[in-house]
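Here the structure is laid out as structure tokens; the discussion comes afterwards.
Throughout, read-outs are computed from the coordinates displayed, never taken from laboratory work. Fair warning: this is a prediction, and the values are worked out from it, not measured in the lab. No Cβ is skipped: glycine too gets one built from the backbone with ideal geometry, and neighbour counts run over all protein chains shown.
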Amino acid sequence: MTVLAVLRHAKSSWGDPGLDDFDRPLNDRGRKGARRMGRELKRRRVRFDQVIASPALRVRETLDELADGYGGSFDVHFDPQIYAASADTLFDCVRHTPETVHAPLLVGHNPGLQQLVLRLTQDDDMRRRVEEKFPTAAFALIELPAVRWDEVTANSGVIRELILPKDLD
């Protein structure tokens, strides 16, 4: 059995319309939300042995704030293909996760992340919540029956934890 954690970056700023999308920072709400999510993940004892993330500024800042709330740092591998990735690209990324990684956290962007969670999981109440919306700073922990990452198949997983920012208010 494998466990994949998925986190969408926190709320970003649209304050500078001339700024390239890749370089958009978090806004104050995003910083607070990422720290709050970090505290909640620590409280729930969620652990990761590697973070695989988009190199976009808002993802980097999300990880900084998440680590601050969690009370520690993470082993982060920035993968350029995750920025603006489709669900297919993200699915391939999951299937190519090194076997030495047992509990990865994948951090990126919508719509790809939301579509990935839907592609990996079976229909149930939590999946239906993700169908409705996977907002900024949303977190899903997916349990997959595959023993190895290259054995992961579509619609085989179950969402064991779903934390939406509004649940923490």
*For residue 89 and residue 147 in the same chain, what is the full-extension length gain: residue separation times 0.36 nm, less their Cα-Cα distance, in nm?*
18.8 nm
_What number does the chain give for Rg over Rh if you use C-alpha atoms and the Kirkwood radius?_
0.94
*asked:* Test of the criteria: in the stretch 1-76, which chymotrypsin sites (Phe, Trp or Tyr not before Pro) are in a DSSP loop and have at most 12 other Cβ atoms within 10 angstrom of their Cβ?
replied: 14
_Between residue 160 and residue 39, what is 0.36 nm times their sequence separation minus the Cα-Cα distance? Round to one decimal in nm._
41.7 nm
_Relative exposure of 2, 100, judged by other C-beta atoms within 10 Å (fewest first)_ = 100, 2
*Treating only the Cβ atoms of Lys and Arg (+1) and Asp and Glu (-1) as charged, compute the dipole magnitude of the stretch 2-168 about its Cα centre; round to the nearest 20 debye.*
760 debye
*DSSP loop trypsin sites (Lys or Arg not before Pro) in the stretch 6-67 with at most 10 other Cβ atoms within 10 Å of their Cβ, which ones?*
45
_Cβ-derived FRET efficiency at R0 25 Å, residue 78 paired with residue 29, nearest 0.05_ = 0.55
_Positive-end residue, the chain charge dipole about Cα centroid, Cβ charges, pick of 5, 33, 59_ = 33
*Counting alpha carbon pairs within less than 8 Å and at least 6 residues apart, what relative contact order, in whole percent, applies to the chain?*
31 percent
*If you take the beta carbon distance between residue 102 and residue 129 as r and set R0 to 35 Å, what does 1/(1 + (r/R0)^6) give as a FRET efficiency, to the nearest 0.05?*
0.85
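Can you tell me how much longer the chain between residue 47 and residue 169 gets when fully stretched, taken as 0.36 nm per residue apart minus their C-alpha distance, in nm with one decimal?
Working it through step by step, the gained length comes to 41.7 nm.
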*Report the residue, chosen from 16, 64, 92, that carries the largest GNM mean-square fluctuation when the chain is represented by alpha-carbon nodes joined by springs under 10 Å.*
16
